[in-house]
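Remarks on the structure that follows.
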Amino acid sequence: MTAIVDAFATAAARAGVHVTAPQLLLLVLAVPFLFLGRGGMRAARVATTCRAVAATALVLVLAGAHLERAHPQAGSCVVAAIDVSASVGGAAATRARAFLGRLAPALGERDVLGSVAFATRARVLAHPAGERRPVDDLIPAAASETTGVEAGETDLAAALTTAATLCPDDKQAALLLFTDGNETTGSVLAEATLTEPRLPTFPIVPAPVTLPAAGIRRLLAPALAPEHSLLPLEAVVENWAPMPTRTVLEIFANGERLTSETIDLAPGVSVVGVPYHLRDTGQYLLEARLALPAGAPQPPGTARAALAVTRPLQILVVSEHTTPVVATALAEHGMHVELIAPPAFTTRAPRLDAYHLVVLDDVGRGAFTDPALAALAAWVARGGALVATGGEHLFGDPRWIGSALERVLPVELQAQTPEPQEREPIALYLVVDRSNSMGYSSTEAMLRNGEKMEYAKRAALAVLDQLGPSDLVGAIAFDSLPTELGPLRPVRESRGALAAKIQQLQYGGGTDFKDALDIARRHLIESGRRVRHIILLTDGDTNRGAEDHVELIAALARAEVTVTTIRIGSDTVNLDLLDAISRATGGEFHHVEQVQALPQLMIRDTQRLMSNVPERTDRPTRVADPGAMLAGIAADELPPVAHFAITRAKPAAEVRLYVENGERRDPVLATWQYELGRVAVLPLDFQGGAAVWAAWNGFGTLWTQLARWAAPLGLASDRRLEAQRLRDGTVVRLETVADDPGPYTLRFPSGTEAPLRRTGRRTFSTVVPSLRAGLQSVLLLGRDPSLPQQIDLMVPASADSGREFRSRGPNRRLLEQLALVTGGAVDPEPSAVLAARPGVTRERTPLAPVLVPLALALLLLDIALRRRRAL
């Protein structure tokens, strides 16, 4: 009988029901006797069942039935710590809102609930309190509520230590940790081990679908970049989804958006190139952000990089030509080019630190002194850049052998006798528009008044420089009437006088080029030369109709006078007429909207005219080792090579382009690193035997990319200033290009001065305790003659080590270890958080108030059913 009683008691306890007098439960055994002798009528069976249930309820009341719940003696203290770092975004807050909504109804009268938001730091959102507040009051719903925690890091230990101080000593504490476990600073396991008393921690991981599908890990940018150059920005991004994800990559500079690009990210890590032209010098804080479609969890944070935009590339071109094509190509691409003759290099050699790059353009040895060449070699060794180009005049001159220049070059020089460059002299007329419209400004082309005329004069002078002494040249300027600037005469006799007349041209008057073309035609026929050519440069309408030019066009064609017509401006007036003149005479037609391209265009036309000289057989140019200087240039685009200087690559040289010469590969472009500097060699004379290269459309691109590859990041006087937020203060770092012992001091707008301590060969740093975010101008002080210098400094608003962006999903292993150390559990049910631990009482709830009314009701129902049956 005792066994039966114990079995009843155990079953009741498992159901949460306890009794004070278990022996009275034996009365339940009499309940089955109530069913004996009852008929099979349905009403009788129902009445008997009511009587049996009522009897069972009365037995439970007599046995002292009650409910028991284990509960801390003074109640529970639950603190919800919600991760708001960049890697988790709003996913932790979403999970916390759902979980706390289930936990709150289960709290007892003596239980308290509070919350903390954390990332780089922790901040109390709601102190634990007994009053029942709305769940939304515990959740960091707005960005303003997380101010001060800085989303760039995740410090789980800060969340634990902050929560541990909030609970009263007499309450049972529990920490709900809503996080992905992506710990980037601190050690939560070490902190949990040291915390006394132990704080049971229950990590709750956000659902994977609520976490961002992609993130940006790093922004790659050079420390310094010259103004007007193409900035090679690259963003390292990662797609955690198993399928391609469409995102928008945005780049900002000092808070202003530079560019926005939609990209489809493949799963895994990708490097996205976002080249951009920065046009103004100064210090920039570059920021990259990803954005997913509306409604999707947004990617974590912002990747940053500091950049100093310096002056445009400063290039010194040393050439015996008045207008070398290399200098023209570099200047057209935004570089600052200074042109000097070889004798002037001796005075420039001690001051080469003012230049990024020196170009030696087909120069002979005679004008260079040994000390000047030694200074050039020492400058390259310190980090300067040198490009040597030309034919046998440079590379075949035996006097260069054994010089300081030869030691710097990546090729071995060989004495060569220059091949004769004889060709049939040509006869050329320049017909230049000087009408009033040549002086108009243009907002579309960003030209001021008179600049079109200046570029036209510069182009005409560049053509003069291409001609040989035996060529015939003449020039006519026209407005409504033609004016002969110089008759058709040999260049050796007329170059100086004609150049002076061209430089004196002024704009004014109408536009009529028919008579000017006819005068040029007659003089060219009288010259007796086989190659007769006219370059017509105009920007406006003509006073005549197209039909007025039919006979003149036919006469030019019969006389085999070729005409290249160049139309300046964005409008389309007379395009058909000018095109008809060129097509009928065998010339070329060009519609030029950017007037800056005029000099190079006219040089190319002249080189094309003169390129009929028989030289060595054309050989295809081969690509051996492409690099940054050949980016975007296909091998089949490269012009052939007919005439070049023969050199031999040194063992450490990199041959980029070559021509096959029997079993040899003769360099056409060779490069190498000479100590800290870069050197390139192109043994081609672009104004002689390799004139076809100057006429090639990719000539400017090749030289621009070669110059940017060779040039150092900055000049000796360039500096970069960078600010990086820490948890406590801001690190300000100065980087110099030259080896400089310092010292340096920063003076902030507030008047505060901070000495910079040397932390590297070219790096100086200081920590400023309190520095406001945003752009501010600071004064750099030091011993250098270029100082003091005013420099802009962009201070980021938050700390960011970059580790926050390297998350690869929730770190469940760390969270499981934390739960094990503290006695908690990962992803618990609310009841498990409130469950009693050692040092508890049991709350007893009697069941009599429920069971007695239930028994009385059933007995009344039984009586009613029996009376009804008796009737």
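The values are calculated or read from the model by the stated rules, or taken from the named source; none is laboratory data. This is a predicted model, so every value here is computed, not measured. FYI the Cβ positions are ideal-geometry reconstructions off the backbone, even for glycines, and counts take in every protein chain you see. The area values use the complete protein model at the heavy-atom level, side chains included, leaving out ligands, DNA and RNA. Shrake-Rupley method; radii C 1.70, N 1.55, O 1.52, S 1.80 Å.
Things to note:
- The set of residues in the stretch 617-668 that are open to solvent by 20 Å² or more (accessible area, probe 1.4 Å) and polar (S, T, N, Q) comprises Thr617, Asn661.
- Each residue in the stretch 755-793 was checked for being part of a strand (DSSP E or B) and either among the hydroxyl-bearing types (Ser, Thr, Tyr) or under 16 Å from Leu726 (Cβ atoms) (or both), and 8 pass.
- Counting only helices (runs of 4 or more DSSP H) wholly contained in the stretch 484-573, the ones carrying 2 or more residues that are under 21 Å from Pro469 (Cβ atoms) occupy 491-503, 514-527.
- Some residue of the stretch 327-338 being assigned to a strand (DSSP E or B), hydrophobic (A, V, I, L, M, F, W, C) and surrounded by fewer than 20 Cβ atoms within 10 Å (Cβ to Cβ): no
Conditions (1) among the hydroxyl-bearing types (Ser, Thr, Tyr); (2) open to solvent by 60 Å² or more (accessible area, probe 1.4 Å); (3) closer than 30 Å to Arg102 by Cβ; (4) free of Cβ contacts under 8 Å to residues at least 40 places away in the same chain, marked per residue:
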| position | (1), (2), (3), (4) |
| --- | --- |
| Leu177 | no, no, yes, no |
| Phe202 | no, no, yes, no |
| Ala207 | no, no, yes, no |
| Arg217 | no, no, no, no |
| Thr245 | yes, no, no, no |
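- Condition met for Arg257 (within 17 Å of Ala158 (Cα to Cα), among the basic types (Lys, Arg) and surrounded by fewer than 21 Cβ atoms within 10 Å (Cβ to Cβ)): no
- First in the stretch 461-487 and within 18 Å of Glu526 (Cα to Cα), second anywhere and at pLDDT below 85 and open to solvent by 20 Å² or more (accessible area, probe 1.4 Å), Cβ under 6 Å, 6 or more apart: Ser470/Pro425; Asp471/Pro425
- Checklist (1) surrounded by 20 or more Cβ atoms within 10 Å (Cβ to Cβ); (2) in a loop (DSSP other than H, G, I, E, B); (3) in contact with a helix residue (DSSP H, G or I) (Cβ under 6 Å, 6 or more places away or on another chain); (4) not hydrophobic (A, V, I, L, M, F, W, C) applied to Arg678, failing item: (2)
- Positions within the stretch 88-124 being open to solvent by less than 10 Å² (accessible area, probe 1.4 Å) and more than 14 Å from Asp136 (Cα to Cα), in sequence order: Val88, Ala91, Asp111, Phe118, Ala119, Thr120
- Listed conditions (1) under 23 Å from Gln673 (Cβ atoms); (2) out of contact with any helix residue (DSSP H, G or I) (no Cβ under 7 Å at 6 or more places or on another chain) are all met by Leu721, apart from (1).
- Pairs where the first residue, in the stretch 150-172, is touching a residue at least 40 places away in the same chain (Cβ under 8 Å) and among the acidic types (Asp, Glu) and the second is crowded, with 24+ Cβ neighbours inside 10 Å and part of a helix (DSSP H, G or I), C-beta under 9 Å, 6+ apart: Glu153/Glu804
- Any hit, the stretch 78-91, residues being touching a residue at least 40 places away in the same chain (Cβ under 8 Å), within 47 Å of the chain's Cα centre (by Cα), assigned to a helix (DSSP H, G or I) and closer than 22 Å to Val188 by Cβ: yes
- Subset of the stretch 122-137 [at pLDDT 85 or above and either part of a loop (DSSP other than H, G, I, E, B) or over 22 Å from Asp170 (Cβ atoms) (or both)]: Ala122, Arg123, Leu125, Pro134, Val135, Asp136, Asp137
- Taking the numbered list (1) part of a helix (DSSP H, G or I); (2) modelled with pLDDT of 90 or more in turn, His393 passes all entries but (2).
- Residue satisfying all of: in the stretch 125-138; closer than 18 Å to Asp83 by Cβ and in contact with a Leu (Cβ under 8 Å, 6 or more places away or on another chain); surrounded by the fewest Cβ atoms within 10 Å (Cβ to Cβ) among these: Ala126
- Identity of the residue in the stretch 682-738, β-branched (Val, Ile, Thr) and part of a helix (DSSP H, G or I), that ends up nearest to Met602 (Cα to Cα): Val692
- Of the numbered criteria (1) surrounded by fewer than 22 Cβ atoms within 10 Å (Cβ to Cβ); (2) of a type in the set (A, V, I, L, M, F, W, C); (3) at pLDDT 85 or above, the one Leu160 fails is (1).
- So Pro651, is it at pLDDT 90 or above and in contact with a Phe, Trp or Tyr (Cβ under 6 Å, 6 or more places away or on another chain): no
- Looking across the stretch 739-773, just one residue is in contact with a Leu (Cβ under 9 Å, 6 or more places away or on another chain) and at positive phi, and that is Gly742.
- Residue count for the stretch 260-283, restricted to those that are aliphatic (A, V, I, L, M) and either in a loop (DSSP other than H, G, I, E, B) or open to solvent by 70 Å² or more (accessible area, probe 1.4 Å) (or both): 5.
- So Leu189, is it open to solvent by 40 Å² or more (accessible area, probe 1.4 Å), aliphatic (A, V, I, L, M), closer than 20 Å to Leu818 by Cβ and modelled with pLDDT of 90 or more: yes
- Count of residues meeting criterion [in a loop (DSSP other than H, G, I, E, B), open to solvent by 80 Å² or more (accessible area, probe 1.4 Å) and either modelled with pLDDT of 80 or more or touching a Ser or Thr at 6+ places or on another chain (Cβ under 8 Å) (or both)] in the stretch 741-751: 2
- Here is the figure for the stretch 339-365: residues that are farther than 21 Å from Gly677 by Cα and surrounded by fewer than 17 Cβ atoms within 10 Å (Cβ to Cβ) total 7.
- Within the stretch 657-698, tally of residues that are touching a His at 6+ places or on another chain (Cβ under 9 Å) and among the polar types (S, T, N, Q): 1
- Test: residue in the stretch 720-735 that is under 22 Å from Thr281 (Cα atoms), among the hydroxyl-bearing types (Ser, Thr, Tyr) and either within 27 Å of the chain's Cα centre (by Cα) or at pLDDT 85 or above (or both): no
- One residue from Pro222, Pro197, Pro168, Pro140 being within 30 Å of Leu307 (Cα to Cα), part of a loop (DSSP other than H, G, I, E, B) and at pLDDT 80 or above: Pro222
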